Each structure stands twice: as structure tokens, then as C-alpha cells.
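What follows is one structure encoded as C-alpha cells, with my remarks underneath.
The values are calculated or read from the model by the stated rules, or taken from the named source; none is laboratory data. Please read these numbers as outputs of a predicted model, since none were measured by experiment. Positions of Cβ are backbone-derived with ideal geometry, glycine not excepted, and every protein chain shown enters the neighbour counts.
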Amino acid sequence: MNGLVKDLARLIGDSKVLFQPEDLLAYANDATHYFRTQLPDAAVLPTSTEEVARVMSYAHQHHIPVTPRGAGSGLSGGATPVKGGIVVDTKRLNRILEIDRANMTASVEGGVVLQNFHRAVEERGLFYPPDPQSMSVCTIGGNVATRAGGPRGVKYGTTGNYVTGLEVVLPDGSIIKTGGKFVKQSVGYDLTHLMTGSEGTLGIITGVNVRLLTLPPSTRTMVVVCETLDQAAEIVSEIIARGAVPAMMEFLIKLAITVMNNYVDPPLPTDGEAFLLIEMDGTPAQIESDIKTIKEICNEMKAREVREVDDERAAKAYWNARSNIYPLIMTIFNRAISEDITVPRSRIPDLVRAVQEIAASVGIMIGLAGHAGDGNMHPTILQTEINDEMAAKAKQAIELMVRRGLELGGTISGEHGIGIHKQEFLDWEFDQVQIDLMKRIKQAFDPYGIMNPGKIWLEGGEQ
Ligand SMILES: Cc1cc2nc3c(=O)[nH]c(=O)nc-3n(C[C@H](O)[C@H](O)[C@H](O)COP(=O)(O)OP(=O)(O)OC[C@H]3O[C@@H](n4cnc5c(N)ncnc54)[C@H](O)[C@@H]3O)c2cc1C
């Protein structure tokens, strides 16, 4: 046991400190399997906010880098300890503290797994819409830190729209509480939403207050089979423009459907090039009216088929397979680099066309899936071979896609965050004035630069 490990064990107890190389290996990366970073010097698993504060205070005193981590399901390298130091694993901060029906709010610890929270509120007829597809593992603290979204973003918005208050351990170990159970507040700067999306660079989120909705009384799933990717994108744009708001509207290419079909029964149709998996929710009358509009649009735009899924079990299986599309795709490819470009919804057809042109011109395979309803597409570079030539092509294709997304009025990340994956594009989206302002905010929170260093900003803090 080295000095650091002994000190941490003294602060929070030795059963909460990991230091063996095989344990630390589990913390060297997140779901972006293509970044190999160094092992941390130690990982801690605190069970209370006070323990997190003790660790942070110690790290602050000794200028030791600290990387907060939820489930490590991030797709931007955000939880990777690029400078070593201590990883704070929040998964033992896993208590649902309160579900308040009268106020339609809930209060949870930062390490609560999202799916467990969904189940707990739904058992009470309540609804927490944010639904990153990693929900079976990802933590609510991680969702807040990345401002995560999901298919329901089209109708209900993303994590940031539900967070009303936070408990945060700052880099010097002090504990602050922002916001509260109330759904509005106008008191000074909005630190709750400054922390939301801060990717672990300003503090560790140990508690989260969220607002809840009433569980929609019914849902219905439909599948639209399209002749081409362009046609699917045009249909998405038209559905939004005509005001039929699905709860979820996912864009999938044939490869995705074919892979999903290994896991669902009955199989989804495969006789098209692109597919929309749509869920409507609300009262039966609302659902019928929206389905009618969507069918009219699909008929006018000559979709190949519109299929309603009457079997609830099958619908559930389709959405479950959709959630797992990334791991399913990884059964075929050795590397999948998922981009997170988000454009105004009317520009989805332009983005889809651009991705196809870029794939053809660069000579690389780019899969397309995404939360099309909110303009968030995940063009994914798919590689069976990993070598320098493929890496150069992937880099070229990513740069072209990001550039085109920005030209279309979009953003480089709709939900995954910058982490290390998109650092080089930060100044493509923001001017230097904004970047400098953000860095001054970071400096005010974290004068020694110990909090998740090496993220958002390029190495050395320069941009
Ligand atoms: C199969 C799959 C599907 C996915 N689908 C989606 C999707 O639909 N939508 C979406 O938005 N994302 C998706 N993701 C990405 C990822 O799941 C989300 O970014 C999620 O919010 C990360 O949560 P986590 O607990 O795993 O955080 P981690 O990956 O552990 O961390 C992510 C970032 O948050 C910071 N962080 C984590 N916890 C805290 C905390 N308590 N306090 C402060 N900072 C913290 C970390 O330092 C890091 O910068 C997917 C990932 C996978 C593998």
C-alpha cells in the first residue's frame, strides 16, 4: 500500500479504496473503447457525501487529480483518468431519498442507476422522461454531468429540463446545495444548470432533485419502412413540421434493423433502406389522432410501409433492442466511433445526405442511427480493421461531418459531451471569448485544476 492509498483508507475506510492493478484497469476507460489511457493511482467508492468531501479536501490539499465516475458508460472519454490520481466511483451513492407525489418531485443520490429510478417512479404512476439508452447502467449523476438525452427528447426534452437542484462537492471539499424541490427560482446565478453538463470538471454531484410528470396512460409503437435514407429524413422533418409529436422517433438503417432482428421476435421488416421506430403516448384519442397524421404524411411521401405494432411485448422488445444497438453493433465490428452531431430538425435531411456523401468520398462505412425527432443523429464510423489507414480515414470523415453539422446550424454534441473525444472541435463551435469565459469559470471553481483535468479543454488548458 502506498502513501496515497493509506491516506484514503484512513479517510473513508479501507474497504472503499481500490488500488490493485486489476481493479484499477476497470477505471482506465469508459465506453469509448478506442481511447487507452493510464490507470488511476487509486479508486474510491464513498457511501456518503461527507466521504466524498473528505476525499476532495485531501486531493485539493495535495493537488491530486480527481476524476468523477458514474457507470463509465460515457461516449466521449469523460470519465477516463488521463492524469492518473483518484477516481471517485459514485455507484455506492445509490439511494432514492424521496419520491414526493404531492410536489411531483424526487430526490436521489448521484450514483442511482437510471433504470432503477424509472421503475421506482413508474410504480407510483409517475414519469421521469430522460432516457439515455444506457439506462440499465448509467447513473443520474452521470446524466446530469453530461446533460444526457435519449429518444424521448423529441417530446419531453433532456436531463437538463428536469433537474431543479443539486448537492455538489466542490474541488476544495466544500458542499453546496443549489436549487431545491421547487420548480422555479430566480435568485442569483443558476448554478444548478451551470453544473448540468459540466462533465465532472467543476465538482462531484452527490445529490439530484428532479421534477416528475404523470405517467402517460397509454403508448403505441409503429414502424415506418422507407425506400431511402433521404426519404426517412424527409418524413421525420415533415412529422415535426406538422405538429404530430411522437414520444420517441428513432432513425435506423437496415444494418441496425438486421442486427436487432437477432434479438426480437417477430422480426422487424427489413425490406427498405431506412426505418423509423416511433412511439406515441398519451390518451388513446391523442394517440389515434397522431397516428392518423403520421400515416397521412407517410402515404403522401410514399413510404414503403407503415406498420402498427399491436403486440405490446413485441413493441417492448423492439425498444429494448434499440437501446442495445451500440453493444449489438459491436458484435460485428472491432471499432465503432459514435458521433453526436445535432442539427435543427428541418436540416436532418441535409445532414443525412452529407453523411452518405462523406462515407462515399472518404471510402469508409458510416452507420446512421439517432434520435432523429430532436435532430440528434449518431453517425457511427464502423471499422472491422484497425490500422493507420483506417484511423486516418475515420479522422477525415469525422472532421467533414462535424464541419457540415456546424454549417447546418448545429452543434458538435447534443448529449455525449466533449470529454476528450471532441476537444479539438470546441473552437469550431465557440469563439475565443466564450472559451476564455468558460475557463475563468473553471478557474474560479477549481484553482489548482484537479477536477477531471484534461477534459473539455485541449491538453495544457489551451484552446
Ligand atoms: C450503449 C450506450 C447507449 C448510450 N445512449 C445514450 C443516449 O441515448 N443518450 C445519451 O445522452 N448518452 C448515451 N450514452 C452515453 C452515456 O451513457 C451517457 O453520457 C451517460 O449520461 C453517462 O452516465 P455514466 O453514469 O455512465 O457517467 P460516466 O460515463 O461515468 O461519466 C460521464 C461524465 O460525467 C462525469 N460524472 C459522472 N458522474 C458524475 C458525478 N456524480 N458528478 C460529477 N461528474 C460526474 C464524468 O467525470 C464524465 O465526465 C450511451 C452509452 C452507451 C454505452
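Of all the listed residues (Leu166, Leu97, Leu93), the sole one being part of a loop (DSSP other than H, G, I, E, B), over 26 Å from Trp319 (Cα atoms) and over 15 Å from the mean Cα position of the chain (by Cα) is Leu93. Residues that are of a type in the set (Ser, Thr, Tyr) and within 17 Å of Thr196 (Cα to Cα) are absent from the range 165-175. Within the range 349-386, the set of residues being free of Cβ contacts under 8 Å to residues at least 12 places away in the same chain and under 14 Å from Gly405 (Cα atoms) comprises Glu357 only. For the range 129-179, the candidate set comprises residues that are in contact (Cβ under 8 Å) with a residue 40 or more places away in the chain, more than 10 Å from the ligand (Cβ to nearest atom) and of a type in the set (Val, Ile, Thr); within that set, the residue that is farthest from Ala444 (Cα to Cα) is Val154. Any residue that is near the ligand (Cβ under 8 Å from one of its atoms), hydroxyl-bearing (Ser, Thr, Tyr), outside the structural domain of Thr164 (by TED's automatic domain parsing) and assigned to a loop (DSSP other than H, G, I, E, B) - is there at least one of those in the range 54-69? No; the residues of the range 54-69 include none that is near the ligand (Cβ under 8 Å from one of its atoms), hydroxyl-bearing (Ser, Thr, Tyr), outside the structural domain of Thr164 (by TED's automatic domain parsing) and assigned to a loop (DSSP other than H, G, I, E, B). Reported count of residues in the range 166-190, each being on the phi < 0 side of the Ramachandran plot and buried (at least 18 other Cβ atoms within 10 Å of the Cβ), is 8. The sole residue among Gly409, Gly454, Gly405, Gly417 that is within 22 Å of the chain's Cα centre (by Cα), assigned to a loop (DSSP other than H, G, I, E, B) and either away from the ligand (no atom under 16 Å from the Cβ) or free of Cβ contacts under 8 Å to residues at least 24 places away in the same chain (or both) is Gly409. The single condition among (1) out of contact with any strand residue (DSSP E or B) (no Cβ under 7 Å at 6 or more places or on another chain); (2) over 20 Å from Val225 (Cα atoms) that Gln356 does not meet is (2). Screening the candidates Ile412, Ile418, Ile381, Ile398 for the property of being within 30 Å of Ile240 (Cα to Cα), touching an Asp or Glu at 6+ places or on another chain (Cβ under 6 Å) and not charged (D, E, K, R) yields one hit, Ile412. Every condition in (1) among the hydrophobic types (A, V, I, L, M, F, W, C); (2) free of Cβ contacts under 8 Å to residues at least 60 places away in the same chain; (3) over 28 Å from Val108 (Cβ atoms); (4) outside any loop (DSSP other than H, G, I, E, B) holds for Leu11 except the one numbered (3).
Taken over the range 346-391, the criterion of being among the polar types (S, T, N, Q) and within 17 Å of His33 (Cα to Cα) is satisfied by Thr380, Gln383, Thr384, Asn387. Of everything in the range 267-288 that is out of contact with any Pro (no Cβ under 8 Å at 6 or more places or on another chain) and among the charged types (D, E, K, R), the residue that is surrounded by the fewest Cβ atoms within 10 Å (Cβ to Cβ) is Asp271.
At least 2 residues being surrounded by 20 or more Cβ atoms within 10 Å (Cβ to Cβ) and under 22 Å from the mean Cα position of the chain (by Cα) is the threshold, and among the helices (runs of 4 or more DSSP H) wholly inside the range 289-388 those reaching it are 312-323, 348-362.
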